1. Does Cys12 fit the bill of being assigned to a loop (DSSP other than H, G, I, E, B) and at pLDDT 90 or above?
2. Just to be sure I understand, how many residues within the stretch 43-101 are crowded, with 16+ Cβ neighbours inside 10 Å and in a loop (DSSP other than H, G, I, E, B)?
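The values are calculated or read from the model by the stated rules, or taken from the named source; none is laboratory data. In this text, all values refer to a predicted model and were calculated from it rather than measured experimentally. As a convention, Cβ positions derive from the backbone with ideal geometry for all residues, glycine included, and neighbour counts pool all protein chains shown.
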Amino acid sequence: MPAPSDGEGLRCGRSASVQGIVSSRVVAPYTKHVMPPPIELHLDDIVQTRKAHPCGGDTWRIVRLGAEIGLRCERCGRKVLLPRAELERRIKRFVARGPER
C-alpha cells in the first residue's frame, strides 16, 4: 500500500490533536464561583430595603439572627423572617447600627 500523501492521514477535517498527536494547547482548570463573605449583622441594626412594605415603610429593625433573620417593620410593627441570603440581596443601606456583642 502506498504511503499517504499530505492530508490523506486526516479524515473528516479533524485536527492532528484528535488523531492522537499531542497538542501544545493548555486548558485552564475549571474555577468555581467564589461567594462574598456574609454581611455582618447585629441585633437592633436598622436597615432600609429596596422594596417598601405594604404599609409604606421601608426601614426594618433586626430582632433575630441565625440562618433566618427576624425583622420588625419600624412603621407598623409587623414581624417577618427572611433567609439571610435573601435579606442580604434586599438591603439597600444601614440606617443605624446596633451594638456589637
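1. No: the conditions fail for Cys12.
2. Residues meeting the conditions: 5.
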